[in-house]
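I have placed the structure first, in the form of structure tokens, so that the comments after it can refer back to it.
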Amino acid sequence: MTQFTAVSDITDPIKLADEALAIKAYPHAQGQLGQNKTMVLLFFNPSLRTRLSTQKAGINLGMSVISMNAAQGWQLEFEDRIIMNTDKAEHIREAAAVVSQYADIIGIRTFPSLTDKEKDYSDFILKRFIEFASVPVISLESAIRHPLQSLADLVTIKEQTAKARPKVVLSWAPHPRALPQAVSNSFIEWMQAADMDLVITHPEGYELEGSFVKDTPVIYDQSKAFEGADFIYTKNWSSYQQYGQILNQDANWTITPEKMALTNNGKFMHCLPVRRNVVVADGVLDGPNSLVIEQANNRTFAAQAVIARMLRHQ
Amino acid sequence: MTQFTAVSDITDPIKLADEALAIKAYPHAQGQLGQNKTMVLLFFNPSLRTRLSTQKAGINLGMSVISMNAAQGWQLEFEDRIIMNTDKAEHIREAAAVVSQYADIIGIRTFPSLTDKEKDYSDFILKRFIEFASVPVISLESAIRHPLQSLADLVTIKEQTAKARPKVVLSWAPHPRALPQAVSNSFIEWMQAADMDLVITHPEGYELEGSFVKDTPVIYDQSKAFEGADFIYTKNWSSYQQYGQILNQDANWTITPEKMALTNNGKFMHCLPVRRNVVVADGVLDGPNSLVIEQANNRTFAAQAVIARMLRHQ
Amino acid sequence: MTQFTAVSDITDPIKLADEALAIKAYPHAQGQLGQNKTMVLLFFNPSLRTRLSTQKAGINLGMSVISMNAAQGWQLEFEDRIIMNTDKAEHIREAAAVVSQYADIIGIRTFPSLTDKEKDYSDFILKRFIEFASVPVISLESAIRHPLQSLADLVTIKEQTAKARPKVVLSWAPHPRALPQAVSNSFIEWMQAADMDLVITHPEGYELEGSFVKDTPVIYDQSKAFEGADFIYTKNWSSYQQYGQILNQDANWTITPEKMALTNNGKFMHCLPVRRNVVVADGVLDGPNSLVIEQANNRTFAAQAVIARMLRHQ
């Protein structure tokens, strides 16, 4: 595996999730695999969970992990055949090639602008970085996907149910700030690939990009969508069509105990951080069916499964 | 030991200091104790000595240590039953629980506001973090205490004297900025617990909080306080009563060679950083009786003694 | 070796470069040398390559490496006998002594002001730090030199040619920002010490400091300088004489394929980051004779050779 950026980079999401669960049982069993290997994590955007869990994953495998905040002071140029006489001090060609000299695996996080839809959806920062890197690259969240989160989510679902095809509902919820679509896009493609019974629910105007949604049912009636659900996966996103806009902050979309009661004793999932009593009511988050902390825990083992595959095939 | 936040978290300060001195003799003797364990250090406020010494302590014990500056970009909500629709992106409940997934021990540093006395003295950031963390927590300085510093100070005093009950003077000194009372509060409670002959001296108006001072003698005449002292521990703090205010910048309170001459060949101590010729004269700091660098050195072994106890009892 | 700040700190640059090449062949062969040793890297200025490569070098030797951004929040006082009642919270005397308590080797990076020539060229930050440090110090670039870069450059030249005395041209090139002279100064003194056939070319007004240049030929005609060159080492610097000023942005000084054609099939070198089509044309940078990525790679082994010497002689 030379890159991990989308579910299409692997052929067996269920098997990878199983590998993560096996690692969770014995996290240090492969402590020799990363011996004398270095992973460099580049954060063009802030990170807490992803940073800690990916570092931990590397450490568990015996790697040295170097994290760098690249946000400030590393203005990169992505365009070719350009005269670099403005504020961009380094070209992605050199940047990616150079970091590859110091790393056996590179992780990179970058967020969308939420202003230029076409550019964001070309995922150009991640794509161009990979183009010029000479070592395997892991997306630590890109403009349009968050595959390590989605793998951890799949691991969590697998861990919690014996059903081969549980009903999983991705529900939009309100939020005061404009957020990326990355987590939602990614969740959809992983649930599709794992053949879950996925349903999407959101207010009109919040339709996600068609190539992600495909034939997954979209229901505008949240209560109807929740009926019989085994898992409610909640996430806010800003509008894709009116790109980056907040169209709706309707508190009726907040996940409440009443709504959870419509489900099949459904579990509540969220990637965190979460706005309490905006996205989800205290009663749901603090209730016995909340999986949010276990999702965070599983981030380590999801990352570890991915890194282990990369190390084994180097 | 599930937390190290105050002297009251242990029963045997002298024994803990002795453990630190034993570690100082052979810092790598317990290099297996932290095998496969991770310590996460969260800095809500800047740190140099604490960061380096605590990282070093963890490394000496064979741990992996991950440090994170949480200052920017991690606005936490501490209040319960609140609608999180402002600038706080995550609740302390999730934050503490999530970091606990990636750490065997968490260190956390946080400073007081110096504007809201009641809130600062409730030490709410540290307390709420511990409430929701599922692993042992070490204070790397909180709003009102700095226990790792105080333990290092006790280690330094023990190392320097054969007396069971040396005379130790905590002396206020001037400073151009308003500083917390944390180091002083903490020093007092550790000296009391270790049964040192402690005396406090400061200008009127700088009385520290009563539950820290207890029956320790407070003398407003600095020269009188210094008579016969074995150790002069100097620290500026802003007023507790006129909370956070600078009432006095009187250079007569600066520690000078002349004042040190009043002591029993007393040693000079300060937690650093220190303003030269404001808090203390060059002649004292550069003289043979200055212990400030050794105090900094002992920070490593103090932290290591605390972490070792936590690791042994997990 | 107690310091590595200039070529004058060693007696055998060629031998040190050979040691780096031997390390490059087996980077982990000395993985026990740094056992239980800690290197602290202090960055008073931003760093990418230097940070990653020096961390990697330490890790390859089995050290623990702690990197700290000291840029913000650590205002140091360098003057003696001063009343520290302004914005400087700590004196270099304590700062250097304290960090020495936690480190077996310290690396420090600091940039020039480009406004105060005399102060910059006294290299006071690095010099005073070393004065008060009690462990070996490595310059990670100072106001006037970048010795780890120069050693990596020498390693790269040695690796690429069998000639004992290749013709090496240091060529100024335009840049939109005022840059330090450190890389150029340092390159000159290392090439002189390694007895390369060095020629310097730059526009009039860009003369470098005389004690660096010595009797190295300076040619104002770039094309003439390039004739027969085996290596073109390109770097912008701001004026030394009109200190810190940009006197010239003449695109005729940009390194182009046409100019490279004047050389003896010369290799192109640059320390990176580089402004494409300002400093150097795409055609040169992307051509087969560009060594820039290998220079970056050799940073690791250069640093490792230096650190290994320090570790062996402790």
For helix B:292-312, report the angle its Cα long axis makes with the longest principal axis of the Cα atoms of chain B; keep it between 0 and 90° and round to the nearest 10°.
-> 40 degrees
For C:LYS88, the aspartates and glutamates lying under 13 Å Cα to Cα, once residues fewer than eight places off in the same chain are dropped, come out as C:GLU77, C:GLU79, C:ASP80
Using +1 at the Cβ of each Lys and Arg and -1 at the Cβ of each Asp and Glu in the stretch C:148-295, identify which of C:GLN242, C:SER211, C:THR254 lies farthest towards the dipole's positive end.
-> C:THR254
Based on a Kirkwood Rh over C-alpha pairs, give the Stokes-Einstein translational diffusion coefficient of chain A at 20 °C and viscosity 1.002 mPa s in µm²/s.
-> 107 µm²/s
Descending semi-axes in whole angstrom, ellipsoid equivalent of the stretch C:1-127, from the Cα gyration tensor = 30, 18, 13
Largest first and rounded to whole Å, the semi-axes √(5λ) derived from the alpha carbon gyration tensor of the stretch C:148-295 read 20, 18, 14
Note to self, chain C gives a 222 nm [θ] from helices alone (DSSP H runs n ≥ 4, -39500 (n - 2.57) apiece, / all residues, nearest 500) of -10500 deg cm²/dmol
Roughly what angle does helix A:49-60 make with the longest principal axis of chain A, taking Cα atoms, 0 to 90 degrees, to the nearest 10?
-> 60 degrees
Cα-based Kirkwood hydrodynamic radius, the stretch B:56-162, one decimal, Å | 15.7 Å
Where in the stretch C:171-186 is the amide nitrogen less than 14 Å from a point lying 7 Å along the Cα-to-Cβ axis of C:GLU209?
-> C:180-186
Only Lys, Arg (+1) and Asp, Glu (-1) charged, at Cβ; the stretch B:149-295 dipole about Cα centre in debye | 180 debye
Candidate cut points under GluC sites (Glu not before Pro) in the stretch A:152-237, DSSP loop plus at most 11 other Cβ atoms within 10 Å of their own Cβ, are A:GLU204
With only Lys, Arg, Asp and Glu charged, each at its Cβ (+1 for the first two, -1 for the last two), find how big the charge dipole of the protein assembly as shown is about the Cα centre; round to the nearest 20 debye.
-> 1540 debye
Mind putting a number on the dipole of chain B about its Cα centre? Charges go on the C-beta only, +1 for Lys and Arg and -1 for Asp and Glu, and I need it in Debye to the nearest 20.
-> 740 debye
So what's the angle, to the nearest 10 degrees on a 0 to 90 scale, between helix A:92-102 and the longest Cα principal axis of chain A?
-> 80 degrees
Along the charge dipole of chain B, Cβ charges K/R +1 and D/E -1, which of B:ILE105, B:HIS175, B:ASN85 sits furthest on the positive end?
-> B:ILE105
Proxy exposure order for B:LYS167, C:LYS163, C:LYS235 (fewest C-beta within 10 Å first) is C:LYS163, B:LYS167, C:LYS235
Give me Rg over Rh for the protein assembly as shown, both radii from the alpha carbons and Rh done the Kirkwood way, two decimal places.
-> 0.99
Shielding of C:272-281 by partners, i.e. mean partner chain Cβ atoms within 10 Å per residue?
-> 6
For peptide C:47-60, compute the average count of partner chain beta-carbon atoms within 10 Å of each residue's beta-carbon.
-> 4
When you look at the Cβ of every residue in A:291-297, what mean number of other chain Cβ atoms sits within 10 Å?
-> 4
Along the principal axes of its C-alpha atoms, what lengths does the stretch A:200-278 span, in descending order and rounded to whole Å?
-> 34, 29, 21
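Every number here is computed from the coordinates shown, using simple stated rules; none is lab data. All of these numbers come straight from a predicted model, not from anything done at the bench. Please note: Cβ atoms are built from the backbone with ideal geometry, for glycine as well, and neighbour counts cover all protein chains shown.
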